[in-house]
Amino acid sequence: MNSSIALAILAITVGVACFVLLVRARGRQGRDLPSGLPPRYSDHAKDRMCERGISAAQVEAVLAKPERCIPDPLKNSVRLERDFDDRTLKVWVVGPWPATREIVVKSTAWKYSAQFTVLSTAVGKVIGTRGTTIQGIRDRNGAHIVVKPDGTVRISAGELSSLATARQQILAIAGRPPVSDNEQPRRR
């Protein structure tokens, strides 16, 4: 076999390999996203992702399979949400959803949540007279807090530190360490 034929076969082989790699890369780029569209991130979204430790892979996971879609027609946007363990990633995109021409990510944020139990006898103390104690904890921490009569407490907040502080304050008022969700409160 002469060298020109060998070079031609090598060039064809390299060309086919490059084509296959290009097709695979394009397939991965928009994998599972509506219409296979890659997202375009606004400057605001990029800033928020950096501030909040959110990766493009996490955003694309939400875009690929959101668990909740909440439209906001007044702002021409849709909030997509997906749960990741004890936190929820919220991604705002330009509406409508699913996108047909392009996916524009406007902003992102985490919502942290926790659930724990206090003694049912401590619920009144945690809530306080006319709800003043629990309202003070909400206001100081910017947290959403629900306390049920059985002692179940659910907290959600935009910052992990706010959630942790609210939890510590509630447990201090209740007068006991945290109880896991599966453990029944001990009777005193």
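The values are calculated or read from the model by the stated rules, or taken from the named source; none is laboratory data. Since the structure is predicted, the reported quantities are computational estimates derived from the model, not experimental observations. Cβ sites come from the backbone with ideal geometry, for glycine too, and all protein chains shown count toward neighbours. Accessible surface areas use protein heavy atoms only, side chains included; no ligands, DNA or RNA. Shrake-Rupley method; radii C 1.70, N 1.55, O 1.52, S 1.80 Å.
Roughly speaking, what is the stretch gain from GLU102 to LEU74, that is 0.36 nm per residue apart minus the C-alpha to C-alpha distance, in nm to one decimal?
Values: separation 28, 0.36 × 28 = 10.08 nm, distance 1.97 nm.
Gain in length upon complete extension: 8.1 nm.
Which value, in Å², gives the accessible area per residue of region 51-95 when a 1.4 Å probe is used on the protein heavy atoms?
On the way: 2540 Å² over 45 residues.
With all protein chains present, region 51-95 gives 56 Å² per residue.
Using a Förster distance of 22 Å, how high is the FRET efficiency between ARG140 and LEU160, based on the Cβ-Cβ distance and rounded to 0.05? Calculated value: 0.90.
Counting Lys and Arg as +1 and Asp and Glu as -1, what is the net charge of the other residues whose Cβ lies under 14 Å from the Cβ of SER107?
Details: positive: ARG40, LYS46, ARG48, ARG52, LYS75, ARG79, LYS90, LYS106, LYS111; negative: ASP43, ASP47, GLU51, ASP72, GLU81.
Net charge in that neighbourhood comes out at +4.
Couplings for region 132-142, taken from phi via the Karplus curve 6.51 cos²θ - 1.76 cosθ + 1.60 with θ = phi - 60°, read 5, 5, 5, 5, x, 5, 4, 5, 5, 10, x Hz in order; Gly and Pro are left as x.
In region 36-188, carbon and sulfur make up what percent of the accessible area (probe 1.4 Å)? Each step should come with its number before you reach the end.
Details: 4410 of 8770 Å².
C and S atoms contribute 50 percent here.
Based on the Cβ-Cβ distance from ALA57 to LYS148, what FRET efficiency comes out when R0 is 30 Å, to the nearest 0.05?
Values: r = 36 Å, r/R0 = 1.20.
Efficiency at R0 = 30 Å is approximately 0.25.
Computed on protein heavy atoms with a 1.4 Å probe, the accessible areas place VAL118, VAL146 in the order VAL146, VAL118, largest first.
Rounded to a whole number of µm²/s, how large is the Stokes-Einstein D of region 38-188 at 20 °C and 1.002 mPa s, given Rh as the Kirkwood radius over C-alpha pairs? Write down the numbers at each step before the final one.
Numbers: Rh = 17.1 Å.
Estimated diffusion coefficient is 125 µm²/s.
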